[in-house]
Amino acid sequence: MDAAALALSIILLAAAAATTLARGATHPADQAALEDLRKSLTNPDALGWPDDGDACAWPHVSCDRTGRVDNLDLKNAGLAGTLPPSLPSLAALRDLSLQGNSLSGALPSFRGMASLQRAFLNDNDFDAIPPDFFDGLADLLEISLANNPRLNASQGGWTLPRGLADSSLQLQALSLDNCSLTGGIPDSLARLTGLQNLTLSYNNLSGPVPAALNGSAIQRLWLNNQQGDAKLSGTLDVVATMTGLQELWLHGNDFSGPVPDAIASCKELYTVRLNNNQLLGLLPPGLAALPALRELKLDNNNLLGPVPALKAPTFTFSGNEFCAAKPGEACAPEVMALLHFLAEVQYPNRLVGTWSGNDPCAGWLGVTCVQGKVTMLNLPGYGLNGTVSQSLANVTTLSEVNLAGNNLTGRVPDSLTRLASLQKLDLSMNDLYGPLPAFSPTVDVNVTGNLSFNTTDTQPTDAQPNGESPRPRPTPGASAGAGGNTSAGGIPGSGKKASSAVLLGTTIPVAVSVVALVSVGAVFLCKRRASVPPQAASVVVHPRNSSDPDNLAKIVVATNDDGSSSGTSHSGSSSGQAGDVHVVEAGSFVIAVQVLRGATRNFAQDNVLGRGGFGVVYRGELHDGTMIAVKRMEKWRPVKDEAEDYLGIDLHLPLLQMVKSWQDAEAGGLTDGGGSVMSLDDSKGSIPARPAGFAESFTSADGR
């Protein structure tokens, strides 16, 4: 052997010796942890580890130069058994791959494994996870516990702990599919600003996608097929803000509402599965235009309108209510017009259930047709929200539109004036504002009970329907609109605050079942001779004698600055000195119940202040911001419920019979045994004296 060969042999032997020495320096804690792992398995031979020797020399184990184990790769090794509690002693471990085995039992806490970057524990049979499992995983980038369906199942599942977001702010991938997660998606995930892959499928999650995830950088979002009775729900509005999305799997849940227009901003989407949800309405054009889209599944929802024409190789859409059977086919013009109207009233489920197909004359709720032409849209009191769509002008055969008693806002669209056949437009009892467009004089327009018509308030600054630019509302006394036979719910009056007169000056007859209850309640309260004046911001209703023009009905709204109010009755319209007391003469019967409904948002439950002797008291707000309290009478009994009669009148009688008894009693003079019940002293309370002809005031203008 020459000198050169001898020198090379010496170098190789030295290198081998150095490697042996390095491997022989395995950290004692790591050596012990791996020995514990071998002992905890029921088939340790599957590891291929020798019975003794240095752990850094064992198969599937890698160590750094200091003898610390930094990689343990045992995926798909056929291992069975449990993991030892000492496993977290591998303090330098960066990569742990245990997926695809048959490991079971409880997971040990990984608390304090600060160097761990990737942990794959998926596709095993672990049955418990400690609450501090994620604590202190400061370097964690990716973790998967997917397909461990028995995790804490005996305890009803588990929720994602806050420790994950507190410790692992740099986390990029979180895979927890099919591992018995319960509850909602936690807001704390929003703190993981680097999160790209979030897969939580096949769990028992419920509730909405949290608003905190708005604008998240997530690229893969799998939330599909939640297994509980309550599934993930709510709209897709938050999801549509995740503009970096590439994979969106939401199928098998209860997501609802329309697919947002903002989905068009997610230009990297290539697979979208929205099938088997409760999505509804028209599809946004931007969905079909997504440049990278390769798969779109929309089956089994409540989608309407035309099927978009897509270039995606995989596109399924069965089980919906589309107007056409093939992608790209157009709907009838009146169908599209009505569906755009439906979109702007926020797709009420009651209508979505019947407004399907390509023929609105085929049983669409609220739609009336004559000879196959849509002539009437009749949806009063349907709880519609949103705005009146200008698209109704495209239903050119409409002769009547009735949208009264809903919650519509915004302006009345100018486009409706183009409906040549329109004869009647009823938009009363909503929250619309003026000015009213110039309808033909032949059109009967009713906007009564829209408290924002004809006020000094300025128009809301948010976007208006139909893309129209904001317009200021007219001042009191201005016409509600030009042309048409219009009822705008108010005419100018006198007094310091003309808005009160505008609100209540011209009213329609009130239903006897409402007014009689208010009025009879007033009579019985008169008997109490209350010594305390009405509370600030209260409404007092005085019945009127229709035969006595000097004894008009009056509404008193007291809003004193010092929190008190006047207990004195007033006639006409006036302004108080200590505060403003508005007394408005009602032009017909007592007061339009529409005004009270508007002020209390149709006696909404969230406006309930309390309950009095005769009914529920509601908070209300007039158009000028005045706060009022309105008692809605539910019965016509004295304050003491046990009383069976009052002044000989049986309180169990039907309303009309009791009114007749009042009429008969008035003719003979009502007394309490000593004199007239309605003496002047009675007017000192919160309800003034009963005027003559009280019983007759129950009768409406048409005698009913």
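Take segment 357-390 and flag every residue that is buried (at least 19 other Cβ atoms within 10 Å of the Cβ) and touching a residue at least 40 places away in the same chain (Cβ under 8 Å).
V374, G386, T387, V388, S389, Q390
Can you tell me how many residues in segment 79-93 are open to solvent by less than 50 Å² (accessible area, probe 1.4 Å) and either without any contact (Cβ under 8 Å) to a residue 12 or more places away in the chain or within 21 Å of D123 (Cβ to Cβ) (or both)?
Total satisfying the criteria: 7.
List the number of the failed condition for P50; all other conditions in (1) more than 21 Å from S167 (Cα to Cα); (2) in a helix (DSSP H, G or I); (3) of a type outside the set (D, E) hold.
It fails just one condition, (2).
When you scan segment 56-68, do you find a residue that is more than 27 Å from L116 (Cβ to Cβ) and either of a type outside the set (G, A, S) or at pLDDT below 60 (or both), even just one? First the steps, then the outcome.
Just the residues of segment 56-68 that are more than 27 Å from L116 (Cβ to Cβ), to begin with: none.
So far as segment 56-68 goes, no, none of its residues is more than 27 Å from L116 (Cβ to Cβ) and either of a type outside the set (G, A, S) or at pLDDT below 60 (or both).
Could you figure out which of (1) within 35 Å of the chain's Cα centre (by Cα); (2) at pLDDT 95 or above isn't true of R118?
Condition (1) is where R118 drops out.
Would you mind finding the one in A393, A330 that is more than 20 Å from G257 (Cβ to Cβ) and open to solvent by 40 Å² or more (accessible area, probe 1.4 Å)? Spell out how you get there, then give the answer.
On the way: A393 fails: open to solvent by 40 Å² or more (accessible area, probe 1.4 Å).
Within the list A393, A330, the selection yields A330.
Pull up segment 214-235, narrow it to residues that are open to solvent by less than 10 Å² (accessible area, probe 1.4 Å) and part of a loop (DSSP other than H, G, I, E, B), then point me to the one that is nearest to T199 (Cα to Cα).
Looking only at segment 214-235, we keep the residues that are open to solvent by less than 10 Å² (accessible area, probe 1.4 Å), and these are 218, 221, 223-224, 226, 232.
Narrowing further to those that are part of a loop (DSSP other than H, G, I, E, B): 218, 223-224, 226.
Working: I218: 10, L223: 6, N224: 9, Q226: 12 Å.
Going through the qualifying residues, I end up with L223.
Every residue in segment 302-327 that is open to solvent by less than 60 Å² (accessible area, probe 1.4 Å) and within 20 Å of C361 (Cα to Cα), please.
N302, L303, L304, G305, P306, N320, F322, C323, A324 - these are the residues of segment 302-327 that are open to solvent by less than 60 Å² (accessible area, probe 1.4 Å) and within 20 Å of C361 (Cα to Cα).
Could you say which residue among V238, V259 is open to solvent by less than 20 Å² (accessible area, probe 1.4 Å) and within 24 Å of Y347 (Cα to Cα)?
On the way: V238 fails: open to solvent by less than 20 Å² (accessible area, probe 1.4 Å).
Result of the check over V238, V259: V259.
Are any residues in segment 262-282 part of a loop (DSSP other than H, G, I, E, B) and either touching a helix residue (DSSP H, G or I) at 6+ places or on another chain (Cβ under 7 Å) or open to solvent by less than 30 Å² (accessible area, probe 1.4 Å) (or both), and if so, which ones?
Of everything in segment 262-282, those that are part of a loop (DSSP other than H, G, I, E, B) and either touching a helix residue (DSSP H, G or I) at 6+ places or on another chain (Cβ under 7 Å) or open to solvent by less than 30 Å² (accessible area, probe 1.4 Å) (or both) turn out to be C266, L269, L274, N275, N277.
Just to be sure before I move on: is V345 modelled with pLDDT of 95 or more, open to solvent by less than 20 Å² (accessible area, probe 1.4 Å) and in contact with a Leu (Cβ under 6 Å, 6 or more places away or on another chain) in the structure I sent? Explain how you work it out, then say what you get.
On the way: modelled with pLDDT of 95 or more: yes; open to solvent by less than 20 Å² (accessible area, probe 1.4 Å): yes; in contact with a Leu (Cβ under 6 Å, 6 or more places away or on another chain): yes.
Here the answer is yes, as V345 does meet what is asked.
The values are calculated or read from the model by the stated rules, or taken from the named source; none is laboratory data. These numbers were taken from a predicted model, which means no experiment stands behind them. Positions of Cβ are generated from backbone atoms using ideal geometry, with glycine treated the same way; all protein chains shown enter the neighbour counts. Please note that ligands, DNA and RNA were not included when accessible areas were found on the heavy atoms of the full protein model with its side chains. Shrake-Rupley method; radii C 1.70, N 1.55, O 1.52, S 1.80 Å.
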